[in-house]
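Chemist: Below is a structure I'd like to ask you about.
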Amino acid sequence: MAAINAIYGEYESSQARNHLSIYYSDNKVKFDQYTPPGYGASTTSTVTTNKWFHIAYVQNGDSWIFYLNGVLDNSGDSEEYTGNLPTKSGIGARYIEGNWAQNFNGVLDEIRIWDTNLTQSII
């Protein structure tokens, strides 16, 4: 398995697990969530190291979209998130078994988390 470089992670303590993560692995940017179980998405395009990229992940109810450098890269359907609110969240790491781990090996710049659905023209 390739190394996981966490971009953003949320942890929910009542279930003692990560319930939402955005990370880089296998030359793709990936998203996964625990509730509902087994849901995940990734960019279609390869994201190489040592190069700046603008990445946006948008989830609106039961659909998702990955944008890479402002262009729609991949989209699909999922179940809407039904878990509890996170008790911990981190940029550049995921909280695993009581420790911050899977640290991002690189530089992250201008991280934004929105509570509204963004369109491609805004991104």
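The values are calculated or read from the model by the stated rules, or taken from the named source; none is laboratory data. In this text, all values refer to a predicted model and were calculated from it rather than measured experimentally. Positions of Cβ are backbone-derived with ideal geometry, glycine not excepted, and every protein chain shown enters the neighbour counts.
Chemist: Being under 18 Å from residue 9 (Cβ atoms) and among the β-branched types (Val, Ile, Thr) is the filter here; which residues of the range 66-123 pass it?
Modeler: Hits for the range 66-123 are 87, 91, 96, 107, 111, 113.
Chemist: While we're here: Filter the range 58-79 for residues that are of a type in the set (Ser, Thr, Tyr) and modelled with pLDDT of 90 or more and give the result.
Modeler: Selection gives 67, 75.
Chemist: Give the range 42-69 a look and list any residue that's hydrophobic (A, V, I, L, M, F, W, C), part of a loop (DSSP other than H, G, I, E, B) and buried (at least 16 other Cβ atoms within 10 Å of the Cβ), or say none.
Modeler: 47
Chemist: Looking only at strands (runs of 3 or more DSSP E) that lie completely in the range 70-118, which have at least 3 residues being more than 19 Å from residue 34 (Cα to Cα)?
Modeler: 71-77
Chemist: Identify all residues within the range 96-123 that are more than 16 Å from residue 53 (Cα to Cα), within 14 Å of the chain's Cα centre (by Cα) and modelled with pLDDT under 90; write none if there are none.
Modeler: Of everything in the range 96-123, those that are more than 16 Å from residue 53 (Cα to Cα), within 14 Å of the chain's Cα centre (by Cα) and modelled with pLDDT under 90 turn out to be 113, 114.
Chemist: Still on this structure, please answer the following. How many residues are without any contact (Cβ under 8 Å) to a residue 24 or more places away in the chain and surrounded by fewer than 14 Cβ atoms within 10 Å (Cβ to Cβ) if we restrict to the range 85-108?
Modeler: The qualifying residues number 4.
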